[in-house]
């Protein structure tokens, strides 16, 4: 389909890659991965024709239609959102304009005019091509794609300039998908999509007939969508068959083999160097020494794995908190006319690892801010438990960074004496390598500041971590290091992330935020997804011919969803209340059963029988314990049944 041959690209004095070759066949479904700064975006831009290499060639068929989605969309052409999306089907637009022009000419011609027959024949040909491309359905398809990507229908008639960068990205993606290109080049397509939109995109790409290459840090997405992974690192491309998990397994095996070969090579080269040093000045060995020097110069050294690959980062020990870390009671919150929460109740227990999921704008970040005390509820209360110390991480909270300090100085300011020897390694985990640690904060980019703020926060002990998109600006290697650290963390964790792989690895509970409330699901993210799929499959499917729902129908559906969410949340609260009643009963039953066993043993003891008063006392206590146990068993059955 497209081929790169001996391509070179550099920026200033830094060579990204040289002599790079790559063939992308028809039907390929590839993930392009590699550390930040390796040149993945540049490679996509060369493939799309938006950049030219300094050397080498790019070969593609003349009729090859390439769709390219950049990471950031600055401007989009079109008067309305719908017109921007329809711009993806330029051929249909041209055919539609041609048909309209012929219709105009035919309307002013006499039927006997010889030109009328020629125009009618042209009209039939154009109409056949228009229908073959389902031109009459293009607008409906555009609306369906925009809706699938979560763009509100109310925005279809608005100017795209009024949208945020994330929403403009969705509109441009809709235009690309509508155009049905032969090759799609997608640079971080899930960055600005919520969970529902990502799932819709996955379903679309699963039936997409063309090829695609995707750069993504979403490992869940890569696992589901790609059939091969291509790693760009140190200016080289290495191809692996299978999805992301298969790539990690093969990559780690290859790295171990390369490290072993590098160690063996180092031992052999050391022997040669010792021979040269020993006999350098002996005339009888001069020829052999020179031969070895030439061989040493020609030897291509085997590169070992990057040091960051072996880094393990442990969070400071979390001081113990009370059993209840936070309790949210009937909280209401609104911003202007927008109601975010009506009556939210939630209990956070020690050791919980909760992920907040839901569509953009549902209130996930608002809930995190309420838990952090960043904002106050309009109604209800947020109560923190005994001994809770918290850290709240959000990308916009970078005020704690001193612009005059360097990266290393910022870390040293909060590190314990035991942590200081490994601060450079920790900085490497968060993509500050080499001289980067000596950069002052004032010259760092927004992404670099966010990474530094996260690293700095994680060096300080706390028993409650509130993390809002902690994996943004981290490459795949850094995410793995952070996951390992959070996996071993002993405190309580609440997080928001679009990285479903990260959620599945770290979280053990999922709170579905939306409809003015939050419903908690026990178990990992995959279990939550299975629950959602069951609900969607059980829901009645509307007839294909049904008209679009009216505003009133949509309002009723939203109200039904809100009521259903409230019912689920009420049931959750009632279940938790029953569990709280059950726990002390179980403790008391266990204590009394143990006491009953002790009393039974005493009644079997001949020394107790020898003392009538002691025997009557033991018998009375055993009868009282038995009566109390009978009542507790009834209470236990009632609470357990509830």
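The values are calculated or read from the model by the stated rules, or taken from the named source; none is laboratory data. Remember, it's a predicted structure, so these values are computed and weren't measured experimentally. Cβ: placed from backbone, ideal geometry, glycine included. Neighbour counts: every protein chain shown.
Is at least one residue of segment 17-28 in a helix (DSSP H, G or I), in the same structural domain as residue 180 (by TED's automatic domain parsing) and either more than 16 Å from residue 239 (Cα to Cα) or in contact (Cβ under 8 Å) with a residue 60 or more places away in the chain (or both)? Checked segment 17-28: no residue is in a helix (DSSP H, G or I), in the same structural domain as residue 180 (by TED's automatic domain parsing) and either more than 16 Å from residue 239 (Cα to Cα) or in contact (Cβ under 8 Å) with a residue 60 or more places away in the chain (or both).
Here's the yes/no breakdown for (1) assigned by TED's automatic domain parsing to the domain that holds residue 147; (2) modelled with pLDDT under 80; (3) within 30 Å of residue 37 (Cβ to Cβ):
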{"residue": "62", "(1), (2), (3)": "yes, yes, no"}
{"residue": "69", "(1), (2), (3)": "yes, no, yes"}
{"residue": "73", "(1), (2), (3)": "yes, yes, yes"}
{"residue": "82", "(1), (2), (3)": "yes, no, no"}
{"residue": "106", "(1), (2), (3)": "no, yes, no"}
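Taken over segment 347-362, the criterion of being modelled with pLDDT of 85 or more and either more than 18 Å from residue 463 (Cβ to Cβ) or not assigned by TED's automatic domain parsing to the domain that holds residue 517 (or both) is satisfied by 355, 356, 357, 358, 362. Inside segment 24-38, residues that are at pLDDT below 90, touching a strand residue (DSSP E or B) at 6+ places or on another chain (Cβ under 6 Å) and surrounded by 18 or more Cβ atoms within 10 Å (Cβ to Cβ) make up a count of 2. Within segment 369-398, the set of residues being part of a helix (DSSP H, G or I), over 16 Å from residue 462 (Cα atoms) and either in contact with a strand residue (DSSP E or B) (Cβ under 7 Å, 6 or more places away or on another chain) or not assigned by TED's automatic domain parsing to the domain that holds residue 502 (or both) comprises 370 only. Report, by residue number, each residue of segment 157-198 that is at pLDDT 80 or above, in a loop (DSSP other than H, G, I, E, B) and over 26 Å from residue 357 (Cα atoms). The answer is 157, 158, 159, 181, 182.
Of the candidates 414, 441, 437, the single residue that is within 29 Å of residue 496 (Cβ to Cβ), surrounded by 14 or more Cβ atoms within 10 Å (Cβ to Cβ) and over 28 Å from the mean Cα position of the chain (by Cα) is 414. The residue of segment 449-462 that is surrounded by the fewest Cβ atoms within 10 Å (Cβ to Cβ), among those that are over 15 Å from residue 485 (Cβ atoms) and modelled with pLDDT of 80 or more, is 449. The set of residues in segment 469-493 being out of contact with any strand residue (DSSP E or B) (no Cβ under 9 Å at 6 or more places or on another chain) and assigned to a loop (DSSP other than H, G, I, E, B) consists of 471, 472, 473, 474, 488, 490.
Of all the residues in segment 379-388, those that are surrounded by fewer than 18 Cβ atoms within 10 Å (Cβ to Cβ) and more than 16 Å from residue 346 (Cα to Cα) number 2.
Among the residues examined, residue 273 does not qualify as within 27 Å of residue 6 (Cα to Cα), surrounded by 12 or more Cβ atoms within 10 Å (Cβ to Cβ) and outside the structural domain of residue 21 (by TED's automatic domain parsing).
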